[in-house]
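The values are calculated or read from the model by the stated rules, or taken from the named source; none is laboratory data. Owing to the predicted nature of the structure, the values given are computational and were not obtained by experimental measurement. FYI the Cβ positions are ideal-geometry reconstructions off the backbone, even for glycines, and counts take in every protein chain you see.
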Amino acid sequence: SVSLQTIRVASILKPKLQDGQPAVTVEVEVVSDLGAQNTSQDLSRSEGLKMLSQLLAEEIEKEMATCVQNAQELNADIFGFGAAFQRKFPKEKQLVERWDQVFPSLHIEYNVRTNVRIRGLITTPPVPDLKPPKRGGQ
């Protein structure tokens, strides 16, 4: 297992009309520092950081999709998708007027970029010494 400290999160909603149908791309950028690790993987190497960063992005996307799906089931636009459409497409008044019917089936795409950094002094995994200590004449 690892612990990550989130340093910075930035997000933007990009509403669009695809063949007349509303859709949104949610772009998120997350910067995290590796806090501690209890794994045999050497996360100090670029391959380990890339893998960790990819796993983090997948987990963030899964959590966002679950939250948005719950909001859609409740027809509660708590993330402001409707307001983003109103700002981007001010002439599409009929879209805003029927937002209660549009929002529950709104197509949403996620684009999550993550950057995991190493800031600590210990960058390699803890490796237990499995050899028994040597005794006097042996």
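The table that follows gives values for the structure above.
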| quantity | calculated |
| --- | --- |
| Qualifying position, being at pLDDT below 90 and part of a loop (DSSP other than H, G, I, E, B), among PRO128, PRO90 | PRO128 |
| Qualifying positions in segment 22-42 - of a type in the set (Asp, Glu) and either at pLDDT 95 or above or in a loop (DSSP other than H, G, I, E, B) (or both) | GLU27, GLU29, ASP42 |
| Residue satisfying condition, being within 20 Å of VAL116 (Cα to Cα), among the polar types (S, T, N, Q) and touching a Pro at 6+ places or on another chain (Cβ under 6 Å), within set SER3, SER40, SER32 | SER40 |
| Scope segment 1-21; condition among the charged types (D, E, K, R) and assigned to a strand (DSSP E or B); matching residues | ARG8, LYS14, LYS16 |
| Failed item in (1) assigned to a helix (DSSP H, G or I); (2) without any contact (Cβ under 8 Å) to a residue 12 or more places away in the chain, with VAL68 passing the rest | (2) |
| Within segment 43-57, considering residues that are assigned to a loop (DSSP other than H, G, I, E, B) and either among the polar types (S, T, N, Q) or without any contact (Cβ under 8 Å) to a residue 24 or more places away in the chain (or both), the one surrounded by the fewest Cβ atoms within 10 Å (Cβ to Cβ) | ARG45 |
| Residue satisfying all of: in segment 71-86; free of Cβ contacts under 8 Å to residues at least 40 places away in the same chain and part of a helix (DSSP H, G or I); surrounded by the fewest Cβ atoms within 10 Å (Cβ to Cβ) among these | GLU73 |
| Single residue of ILE60, ILE12 found to be at pLDDT 95 or above, surrounded by 13 or more Cβ atoms within 10 Å (Cβ to Cβ) and either in contact with a His (Cβ under 8 Å, 6 or more places away or on another chain) or of a type in the set (A, V, I, L, M) (or both) | ILE60 |
| Some residue of segment 106-116 being within 30 Å of GLN41 (Cβ to Cβ), of a type in the set (D, E, K, R) and outside any helix (DSSP H, G or I) | yes |
| Number of the exception - VAL24 against (1) of a type outside the set (Gly, Ala, Ser); (2) exposed (fewer than 12 other Cβ atoms within 10 Å of the Cβ); (3) touching a helix residue (DSSP H, G or I) at 6+ places or on another chain (Cβ under 8 Å) | (2) |
